[in-house]
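The values are calculated or read from the model by the stated rules, or taken from the named source; none is laboratory data. Since the model is a prediction, treat every value here as computed from it, not as a measurement. With ideal geometry, Cβ positions are generated from the backbone for all residues, glycine too; neighbour counts draw on all protein chains shown.
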Amino acid sequence: MNFDFLAFKRDADNCFIKLDLPLIIIFYMTIAIRPAKKNDIPLVLGLLYELGRPKPQKDSVLDSFRTLVKKQISDSDKTIFVAESNDVTVVGMVSVIFLSRLNQIQYEMYIPELIVTEKYRNQGIGTSLINTCIFLAKEKKCHKIRLESGIQRKEAHKFYEKLGFESKSLSFTKNLD
Ligand SMILES: CC(C)(COP(=O)(O)OP(=O)(O)OC[C@H]1O[C@@H](n2cnc3c(N)ncnc32)[C@H](O)[C@@H]1OP(=O)(O)O)[C@@H](O)C(=O)NCCC(=O)NCCS
């Protein structure tokens, strides 16, 4: 299935301006892709837990997580898009960071998180979230989009390949906790 997706552009004040109607029609359900707002923070955190990110065990840690999501929404070099269904529930999200490299004049778009909640998968929502990122990356004249995906996420790998992403490097991690 191919759906139109919402297109945004940042204005001189670094605010998003809507360029298009953000609608994906899935039977009776309508999905809109839009930048996240502060009110979305609890739902964004819920999606991150579903993605397998750690759940806070203390209120102070939850407060820090909320602050980090708020910063991701408000910083000019970062953003979050959410997919919202017509019953005003956030059902998916993608986060974006614009990175500078020493030998590249143009930014690289890095996507640290992408998730569609289980019940809503395989209906084109993930594709629309990524297409929105691609649109924004082109607007920002990025030279590429990069992301990492756990070796175990075989379905996600197929999803990315279908969207034209290539597996080009290995990622090495050293845990320090
Ligand atoms: C990966 C993910 C974001 C895709 O979102 P989605 O809304 O389900 O994806 P779409 O419906 O847009 O799928 C587009 C294509 O990807 C492929 N795809 C998606 N899910 C798939 C699955 N489980 N198995 C095989 N292929 C799959 C399909 O081929 C589909 O193509 P089609 O339209 O021809 O059927 C979603 O499955 C998800 O949240 N997974 C769990 C979290 C995760 O792995 N996130 C990525 C972290 S790197």
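Scanning the stretch 148-159 for residues that are in a loop (DSSP other than H, G, I, E, B) and either closer than 21 Å to Thr79 by Cβ or more than 8 Å from the ligand (Cβ to nearest atom) (or both) yields Glu148, Ser149, Ile151, Gln152. Applying the set (1) under 15 Å from the mean Cα position of the chain (by Cα); (2) modelled with pLDDT of 50 or more to Ala7 leaves exactly one unmet item: (2). Restricting the search to the stretch 78-129, which residues are more than 21 Å from Arg153 (Cβ to Cβ), of a type in the set (Asp, Glu) and either assigned to a strand (DSSP E or B) or in contact with a Leu (Cβ under 8 Å, 6 or more places away or on another chain) (or both)? Within the stretch 78-129, Glu84, Glu108 qualify. Taking the residues in the stretch 160-177 that are within 15 Å of the ligand (Cβ to nearest atom) and of a type in the set (Phe, Trp, Tyr) as candidates, determine which candidate is farthest from Asn122 (Cα to Cα). Only one residue fits best here, namely Phe165.
Per-residue answers, yes or no, for (1) at pLDDT 95 or above; (2) touching a Ser or Thr at 6+ places or on another chain (Cβ under 8 Å); (3) of a type in the set (A, V, I, L, M, F, W, C):
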| site | (1), (2), (3) |
| --- | --- |
| Ile111 | yes, yes, yes |
| Glu118 | yes, no, no |
| Gln123 | no, no, no |
| Tyr160 | yes, yes, no |
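Within the stretch 85-113, the set of residues being touching a residue at least 40 places away in the same chain (Cβ under 8 Å) and within 14 Å of the ligand (Cβ to nearest atom) comprises Ser85, Val90, Val91, Gly92, Met93, Val96, Glu113. Look at the stretch 43-55: where a residue is assigned to a helix (DSSP H, G or I) and at pLDDT 95 or above and a partner is near the ligand (Cβ under 9 Å from one of its atoms) and among the polar types (S, T, N, Q), sitting 6+ places away or on another chain with Cβ atoms under 7 Å, you get Leu47/Thr117; Glu50/Thr117.
The set of residues in the stretch 88-118 that are among the charged types (D, E, K, R) and either crowded, with 19+ Cβ neighbours inside 10 Å or touching a strand residue (DSSP E or B) at 6+ places or on another chain (Cβ under 8 Å) (or both) comprises Arg101, Glu108, Glu113. Of all the residues in the stretch 121-147, those that are free of Cβ contacts under 8 Å to residues at least 60 places away in the same chain, over 14 Å from Arg34 (Cα atoms) and within 7 Å of the ligand (Cβ to nearest atom) number 3.
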